[in-house]
Amino acid sequence: MAKKEKGARAKLREYFLANVGKVLTSDELREVAGISEWARRIRELRNEEGYQILTHNDRSALKSNEYLLENSKPQPAFERAISKETRSFVLDRNGFTCQMCGAVAGEPHPYDTTRKTRLHIGHIIDKSQGGTDDPSNLRALCSVCNEGASNLTLERPSALKLLSQVRRARGSEQVELLKWLVQKFPKQTREMLED
């Protein structure tokens, strides 16, 4: 009887768990996965299995092509629950077009001409923030925008705008933000405290 070959997600999970606490690069993860959609499998490990795989968005010490699993114990994860019918409805409603950059399914991607546009379903309000899988909270996103590699149509908020939003938040949420900032910028935090 032939052995069943492991899928890319299983290979990546095994590799991360064998390298807990070690910074891994996108090149080595791509090679481990053996597929072009390796970044999607990492998102699945985060979102569906609850592994806290960190990137430069979480820690300033990490470069944009680096990943880190600090702890082998997964956190509670969200189930993937978008039905095929809902997916079809959202894609049709959005004209099979990315709602961030305007790329059309099957055509060469305007910001990455090396690949054709593939559409995914994304949440407007993330499930971790209380969003639902209701079609009104879903939109079509191309793989480039969904991976966060090219949020070119969105303006980045200024420091003034961010501060005004933080001031409006409850104290407990401000403390959570502070914890996250201290984790993301440990060196800068130490330097500020020493001054």
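At a glance:
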read-out	value
Hits in the stretch 56-74 - residues which are free of Cβ contacts under 8 Å to residues at least 24 places away in the same chain and either farther than 20 Å from D27 by Cα or in the same structural domain as F185 (by TED's automatic domain parsing) (or both)	K73
Exclusive hit being touching a Gly at 6+ places or on another chain (Cβ under 7 Å), among the small types (G, A, S) and under 23 Å from V144 (Cα atoms), set A8, A33, A39	A8
Hey, S64 at pLDDT below 90, surrounded by fewer than 12 Cβ atoms within 10 Å (Cβ to Cβ) and under 29 Å from K179 (Cβ atoms) or not	yes
Qualifying residue in the stretch 31-42 (condition: of a type in the set (K, R) and either in a helix (DSSP H, G or I) or farther than 17 Å from S72 by Cβ (or both))	yes
Failed condition for C101, given (1) of a type in the set (A, V, I, L, M, F, W, C); (2) outside the structural domain of E14 (by TED's automatic domain parsing); (3) assigned to a helix (DSSP H, G or I)	(3)
Among residues of the stretch 7-55, those that are more than 26 Å from I121 (Cβ to Cβ) and either touching a Ser or Thr at 6+ places or on another chain (Cβ under 9 Å) or assigned by TED's automatic domain parsing to the domain that holds L141 (or both), counted	2
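The values are calculated or read from the model by the stated rules, or taken from the named source; none is laboratory data. The structure presented is a predicted model; accordingly, all values stated were derived computationally and were not measured. Cβ atoms come from the backbone with ideal geometry, glycine included; neighbour counts cover every protein chain shown.
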